[in-house]
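Readers should treat all values here as calculations from the given coordinates under stated rules, not as data from a laboratory. In this text the structure is predicted, and so the values were computed from the model without any measurement. Cβ: placed from backbone, ideal geometry, glycine included. Neighbour counts: every protein chain shown.
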Amino acid sequence: MINMLYRNSKMRIFYSLLLFTTLLVIVKSQNGLSPCGEGSAIWNSDYSGWTDGRGLCGLPTPPSGVVVAGVNRNYFTMTSGSGLCGTCFKLTGPAGSVIAQAVDVCDATALCTQTDHAHFILSPADYNVISGNSTATLYNVGYQMITCPNEGDITVTPKPDGSGSYSYYFSLTLSGFSVPIKSVEVTVGGTSGAYQQLKYQSSLWVFNKNSIAFTFPGKVRVTSQTGQQIVYSMTNGAAKMIPNFDQAPLYADCGTPVAPQYIYQDSLAQGWTDASWDFVEKNYNDNSAASGSNIAIGLSAYGGLKIQSLTSFSTANLATLEFSAKANVSNSQILIFLHKGANFNVTVGTEWANYNVTLASLSAAATETAIAFQNFQGSSLLLMVDNIKWGYSSNVSTSTSTSGTGLVTMPPVTKPPSTTASGSATTTSVVTTASTTAQVTTTRGPSGTTAGGDGSSVSDSENTGGDKHVDSSSSTKLTISTITLLLISIILF
């Protein structure tokens, strides 16, 4: 019997390691923390060869598979505490996706200083992954905040004042967190004392008091932007490893982003430019429409109105091309096409009418770069076009929340700001690792949206109150699942 049980020991070890590896992959998967957003992105060579401590956040280099990104100041400082420092995003363009960690603020160009939408800066190589080797600005980048794929615990490194004392001044540096930090607090007067909030300044969480002294041992409470809390004892000035946040998904994965709906509505949308040919006059601010502006272009025979995207756009979730048009010649024959060799003919009259052309009839490729309206009359005409937009397919993801409200997402490039409804549900657990045991309180609900200062010192969030105590016999999903699967594998194999 013993020989039968153990003769396949190598196979049992193999399957045990396989199950354990599979579990780690599941645990370290990137969970959605925000709704799907659409923003812009560009490249900058300053983000190539990133090294530890660079940028506003001063963080270590991200783990393998994660690139670095700068974020426009307004979006960066919409989140209280440390802002977006350390936040991971899944950025998706027409050519692919990257996981990028926010490490810096950009404020040197118009896209960095605008307050309408999220804007990201990547290294040239990382930008090529999402843009398809284009060097032009992308205006339809899909983005979603996700948990960072950090493999280990959070590292907390204390630093005393110049004299080596921790009484009235010291700082804490946190790195390796999977969810961005909202606040860090310490107790004064021992582990049972009141919590005092540390201020985030230039990558440091700073305790700076004149009349309130900190003494060892004390408690440290770290709160994530999603409301989870880790509490541990700080007994001396040595660096300490504390368990990472165990954040469940708040939103489903966003998938491929859709192109912004409007191409022209009173004016050309960002990311589009005119590339018309064989015309005698052209006005993108004509007033022939019933309201607002429209495009009016005098076309020679076989001339065309061409609207060019600065970068390629995905057609995966696009169903139709919709627009309004009229001409000065009745029954004008207009060819609509996205690329040469695949066109669709429409007849345009002398009164405004709405047109709806399926992308299937235009033989749309996976990615396209332009839209053209060609005069196919054989003689000149005046063509007027308005409200050019895409009709989306029914399978466009709306990123339904799986729990609570999640983190803040800026509105898309072409849409006005919107507010998010609030709500919360609280659960508690205890995270246990080989190095330490720390209490975690998970609150599913909205994060603060207090605007920060100049980016180097974001405003403090409110104190969240006292500890929430839980049964110390609880354990994490990681610990239970690991032990259970290993035991099962040993028994079975």
Distance (nanometres) between label positions extended 7 Å along Cα→Cβ at Ala108 and Ser165: 4.2
Positive end of the dipole of the range 262-392, charges at C-beta (+1 Lys, Arg; -1 Asp, Glu), about the Cα centre: which of Ser363, Asn331, Gly349 has its Cα farthest in that direction? Ser363
Only counting other Cβ atoms within 10 Å, I'd like Trp50, Trp205, Trp352 sorted with the fewest neighbours first. Trp352, Trp50, Trp205
Between Asn356 and Gln261, how many nm apart are label points set 7 Å from Cα along the C-beta direction? 1.4
Expected vector for the range 321-336, Karplus 3J(HN,Hα) from phi with 6.51, -1.76, 1.60 and θ = phi - 60°, integer Hz, x for Gly and Pro, equals 10, 10, 6, 10, 7, 8, 9, 8, 10, 5, 6, 5, 8, 10, 8, 9
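What FRET efficiency would be calculated for the residue pair Asn287, Arg54, taking the C-beta separation as r and a Förster radius of 45 Å, to the nearest 0.05? Write out the running numbers ahead of the final one.
Numbers: r = 51 Å, r/R0 = 1.14.
The calculated FRET efficiency here is 0.30.
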Quick query: amide H of Val67 versus all other amide H atoms, modeled in the peptide plane; which residues come in under 5 Å with a sequence gap of 5 or more or a different chain? Ile99, Ala100, Gln101
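With +1 assigned to the C-beta of every Lys and Arg and -1 to the C-beta of every Asp and Glu, and no other charges, what is the dipole magnitude of the range 116-209 about the Cα centre in debye, to the nearest 20?
Working: 4 positive and 6 negative charges, 60 e Å.
Dipole magnitude for the range 116-209 comes out near 280 debye.
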Taking only C-alpha positions in the range 262-392, Rg and Dmax in angstrom work out to 13.5, 37
Charges at C-beta only: +1 for Lys and Arg, -1 for Asp and Glu. How large is the resulting dipole of the range 262-392 about its Cα centre, in Debye rounded to 20? 220
Given labels modelled 7 Å from the Cα in the Cβ direction, how far is it in nm from Thr273 to Asn133? 2.0
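Provide the FRET efficiency to the nearest 0.05 for the Ser202-Asp46 pair, computing r from the beta carbons and using R0 = 22 Å. Write out the running numbers ahead of the final one.
Working: r = 19 Å, r/R0 = 0.85.
Once the sixth-power term is evaluated, E becomes 0.75.
Net charge around Val220, counting only other residues with Cβ within less than 9 Å of its Cβ (Lys, Arg = +1; Asp, Glu = -1)? Show your work: numbers first, answer last.
Values: positive: Lys219, Arg221, Lys240; negative: Glu185.
In short, +2.
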So for the range 177-300, Kirkwood radius off the Cα pairs, Stokes-Einstein at 37 °C and 0.692 mPa s: how many µm² s⁻¹? 161
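Can you put Thr173, Thr347 in order of Cβ neighbours within 10 angstrom, beginning with the fewest? Mind showing how you got there, number by number?
Values: Thr173 16, Thr347 12.
Starting with the residue having the fewest Cβ neighbours, the order is Thr347, Thr173.
Could you grab the relative contact order for the range 262-392? Cα pairs under 8 Å, six or more apart, rounded to a whole percent. Intermediate results must be reported in sequence, preceding the final value.
Details: 343 pairs, mean separation 46.0, N = 131.
Here the relative contact order equals 35 percent.
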